[in-house]
Amino acid sequence: MATISWSRSEALMEPDARSETLVVRIGAITRETDEILKFVLVDPNGGALPGFAAGAHVDVHIAPGLTRQYSLLNPPGEGRQYVIAVKREPQSRGGSAAMHGGLAPDDLVRIGSPRNSFGLDHGAAHHLLIAGGIGITPLLCMAHQLAATGGTYTLAYFVRAPELAGFAEDLAPIARAGRLQLHAGLNAEATIAAMAGLLARQPEGAHVYTCGPCPLMDAVGELAKACGRDLPVHREDFTALPLIAGPDLAAFEVQLAQSGEILPIPPERTIADVLIEHGVALDTSCEQGMCGTCLTRVLGGVPEHRDTFLSEEERAAGDHILPCVSRSRTPLLVLDL
């Protein structure tokens, strides 16, 4: 049976690392498609940037209270630049619209140091990379790293139409190596059939990595399970769950272990909102349960997880919570704050 691994940050082991930021200069902005811009970020003084491994992403601090996560797509060996790509989303909550309309070459931007929430398993016999749309970005980086280290891989890229593919320069060496499969304009049934065929042909010991729209990633997971053998699936999720709070939810209380203070959490408020309102030092970023910035240890009670950051195993353990979206199944939740 396939095992599914959601993206997860090293924040569980190194909570201080996620607070590091640096200022970079936009070295270039190029248009990949009508919807996608590519940004090259460099050190303002021409120096080297902190290293990263395939699958890493950076937090881009676009404006006060507006931070978004973007995967690095360039080869990890390029120590003097980070390359990200941003798709203009019609339903943008401000991030993609600001990146497309508010930035220009030579602008300075504050970003977080790279965090690897989607790393390669170098013990895998083969790596199947399945991308949907803008989800190609971390998988491009993986392909570059595997090519440099001699790892075997196949990159399957699914797009709605050929003109929406983009990244021709980045894909060229992958195509020349015979590692690229471009699937453009397939309907849902044909997409499922193509993915099922790819998964069925994987050798023993292969791992699958997928990033893109949730329906595509969900389908990859289900198809991998249907193969009837161990086919580990790793996925990166930058999409929030639709419901985080509302009047139909139950109220509960949060106790701060360090002071003993107990705070009521009404149905229409998040834990993070209440904590910050009461002066608790809690770092937040995406406020959608995706990035892990607000990850907090749970000392008592049972969390109701509504994030896309924690793995299934971490959720079952119940000893951490993302207070920006998650709630409590018990009347009292004790946090290590």
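The values are calculated or read from the model by the stated rules, or taken from the named source; none is laboratory data. All figures in this text were calculated on a predicted structure; none of them were measured in a lab. Here the Cβ is made from the backbone with ideal geometry for all residues, glycine too, and neighbour counts use every protein chain on show. Remember, those area values only see protein heavy atoms, side chains included, never the ligands or the DNA or RNA. Shrake-Rupley method; radii C 1.70, N 1.55, O 1.52, S 1.80 Å.
Points worth noting:
Rundown of residues vs (1) open to solvent by less than 70 Å² (accessible area, probe 1.4 Å); (2) modelled with pLDDT of 90 or more; (3) out of contact with any Cys (no Cβ under 8 Å at 6 or more places or on another chain), yes/no style:
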residue: ALA226; (1), (2), (3): no, yes, yes
residue: LEU231; (1), (2), (3): yes, yes, yes
residue: LEU249; (1), (2), (3): yes, no, yes
residue: GLN255; (1), (2), (3): yes, yes, yes
residue: GLY260; (1), (2), (3): yes, yes, yes
residue: PRO264; (1), (2), (3): no, yes, yes
residue: GLU277; (1), (2), (3): no, yes, yes
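- Residue count for the range 303-318, restricted to those that are surrounded by fewer than 14 Cβ atoms within 10 Å (Cβ to Cβ), free of Cβ contacts under 8 Å to residues at least 40 places away in the same chain and either charged (D, E, K, R) or in contact with a Leu (Cβ under 7 Å, 6 or more places away or on another chain) (or both): 1
- Single match in VAL109, VAL159 (criterion: more than 17 Å from PRO76 (Cα to Cα), in contact with a helix residue (DSSP H, G or I) (Cβ under 8 Å, 6 or more places away or on another chain) and of a type in the set (Val, Ile, Thr)): VAL159
- Residues (among the hydrophobic types (A, V, I, L, M, F, W, C) and either touching a His at 6+ places or on another chain (Cβ under 7 Å) or within 18 Å of GLY55 (Cβ to Cβ) (or both)) located in the range 181-233: ALA194, ALA206, VAL208, CYS211, LEU216, MET217, VAL220, VAL233
- Only one of the listed residues (ARG297, ARG235, ARG269) is more than 28 Å from ALA143 (Cα to Cα), under 23 Å from the mean Cα position of the chain (by Cα) and open to solvent by 10 Å² or more (accessible area, probe 1.4 Å). That residue is ARG297.
- Within this structure, GLN288 passes the test of being of a type in the set (S, T, N, Q), at pLDDT below 90, in contact with a Leu (Cβ under 9 Å, 6 or more places away or on another chain) and in a loop (DSSP other than H, G, I, E, B).
- Near pairs, Cβ below 9 angstrom, 6+ apart or cross-chain, from the range 45-69 (within 23 Å of ILE136 (Cα to Cα)) to any residue that is open to solvent by 40 Å² or more (accessible area, probe 1.4 Å) and among the hydroxyl-bearing types (Ser, Thr, Tyr): ASP59/THR21; HIS61/THR21; THR67/THR284
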